[in-house]
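The values are calculated or read from the model by the stated rules, or taken from the named source; none is laboratory data. On a predicted model such as this, the values are computed, not experimentally measured, just so you know. Note that we place each Cβ from the backbone using ideal geometry, even for glycine, and neighbour counts take in every protein chain shown. Heavy atoms of the whole protein, side chains included, go into the accessibility calculation; ligands, DNA and RNA do not. Shrake-Rupley method; radii C 1.70, N 1.55, O 1.52, S 1.80 Å.
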Amino acid sequence: MAMHKFVPPTGPGDVLADRRRLWILGASRLAFTIAVAIATHTVFPLLRWMQQRRIHRGDVIWLEDMPGPPQSQRFDHLAFVPADITPNPGPVRKRARFMKVEYPAAAYPFAFRQPPISGNAINGLGEERLRRPDHVFFGDSYRRAWGKLDWYFQVMEPTAIHRLIVRMFWQDRARVGPVAPGVTTLGTPEEASAHIKALATRIGAGLVGITRLRPEFCYHDSNPDFAYAIAVAVPMDREEMLHTPSERSNQQIMRTYLDVNRVAIRLAHAIRALGYPAQASTNLAPGSSTEVLHVPIAIAAGLGQLGKHGSMITPEFGSNVRLATVLTDLPLAVDQPRDIGVDDLCAHCRICETTCPPHALFPEKQLVRGQRRWYVNFDKCVPYFAETRGCGICIEVCPWSTPGKGQELMRTLLERRQGPGGAART
């Protein structure tokens, strides 16, 4: 996916060309946002009512019959393995003692007549060769292989959630923009990084880190031409998230997406005002959400480590955060990945693994596109995610997500590695 990068203008012609491109982008985004807003209050409620009637009658919702465009995504480089969305067997678990909602059973009113290609195959589970990732779910096109389940997921969202999504779409119009003609220097790359981190914190980031943008951080059809990636994280309200999965926790997730997108957009705007190209890669909005993978970028930028539940764990907030990224050419000093002891705990802890209603979590690391790492069974997780409007159980039962617990866990786990005299154990 080729993208235009706004660069500092060198003459009046460049300024006019950039203004013209921005006007076209703004006009198309306005038209799209208006169309989505209208659908939010007309088409989607009608479709949701129709599906709810079928559910109440006990009818099976065949996903192939859902309205929308046909699936056209092809994977000629992969052997076809049909998806199996049947939950893995396991004991029915009660909610964690601090959670406030009973977990819905892993039983779905929908099914596939002809299952799509397994999301695990698309993700590269078992592959020994390194490659860039493909889009699977929750992207910007219902034509993708899992687009019918994605469409069901979106249709069944309440109108309050659709309104928040409309706000994200409109907010996202400012993620790209013109670059100031003059360059404002911020000193050394180290001084520039300190300035950017302080600015990100002032405008609402809970965590911020910087890394170089590498090809493996981008989807296979996305080639953003930038040198650096700035990862920003905004924490979710823990009290609200203890109601997961519910409409209440779903709204908290969406409000946090709005907040972290806003931080990234404002930060990109501030960098462009310094005379350097920058754009925000945000969440949910068409185009932006299919550029880069926020979690690998945030891990490389030192915000945390990948946990057994497939989300990044931070010592400050556990996995109770949402992420966005700013891509830029502003020369910056980069951060290094942090070892906070996550693997030491996840290798033996089974809380998220056994609490997950569809039992979608593997007990050990898996080989995924040439790397051995924690991985979640896509075919088992995503149907439950769609039916519960976002799930999030594994994030909230994780010990790291308990407020104040992460820093304590990190200290304890890292100290255990030290032998007599502080030498690391082998």
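Sorted by average packing, counted as other Cβ atoms within 10 angstrom per residue and highest first, what order do 303-311, 78-86 take? Provide the component values of the computation, followed by the final result.
On the way: 303-311: 24.9, 78-86: 14.6.
Result, highest mean first: 303-311, 78-86.
How long is the gain from Arg129 to Arg248 if the chain were fully straight, where each residue apart is worth 0.36 nm and the alpha carbon distance is subtracted?
Working: separation 119, 0.36 × 119 = 42.84 nm, distance 4.15 nm.
Computed gain between Arg129 and Arg248 is 38.7 nm.
Lys/Arg Cβ at +1, Asp/Glu Cβ at -1, dipole of the chain taken about the Cα centre: which of Asn88, Cys398, Ile161 is farthest positive-ward?
Farthest along the dipole direction, towards plus: Ile161.
Once amide H atoms are placed 1.01 Å from N in the peptide plane, what residues at a sequence separation of 5 or more from Ile313, or on another chain, have their amide H within under 5 Å of its amide H?
Amide H to amide H, under 5 Å and 5 or more residues apart or across chains, Ile313 pairs with Gln305, Leu306, Gly307.
I'd like the distance separating the alpha-carbon centroids of segment 171-213 and segment 142-163, in whole Å.
33
For the chain, which cysteines have no second Cys with its Cβ under 4.7 Å from theirs?
Lacking a cysteine Cβ partner under 4.7 Å: Cys218, Cys346, Cys349, Cys356, Cys381, Cys391, Cys398.
Give me the distance between the Cα centres of segment 114-133 and segment 73-96, rounded to whole Å.
Computed from Cα coordinates, the inter-centre distance equals 12 Å.
Lysines near Lys94 by alpha-carbon distance under 23 Å, same-chain residues fewer than 8 away left out - which ones?
Lys308, Lys380, Lys405
Filter the DSSP H helices in the chain by two things, a Kyte-Doolittle mean of at least -0.5 and an axial alpha-carbon span of 24 angstrom or more, and list the hits by number. Write down the numbers at each step before the final one.
Values: long enough: 12-41 (44 Å, 0.57); 247-273 (39 Å, -0.40).
Span-like helices in the chain: 12-41, 247-273.
How large a share of the accessible area of the chain, in percent, is made up of carbon and sulfur atoms when the probe is 1.4 Å and the other protein chains stay in place? Please report the intermediate quantities before stating the final value.
Details: 11070 of 19380 Å².
Taking all protein chains in place, the chain shows 57 percent carbon and sulfur surface.
Along each principal axis of its Cα atoms, how long is segment 85-234 end to end? Whole angstroms, biggest number first, please.
58, 41, 31
Under the rule of at least 5 residues apart or a separate chain, name every residue whose amide H is placed under 5 Å from the amide H of Val368.
Gly126, Arg373
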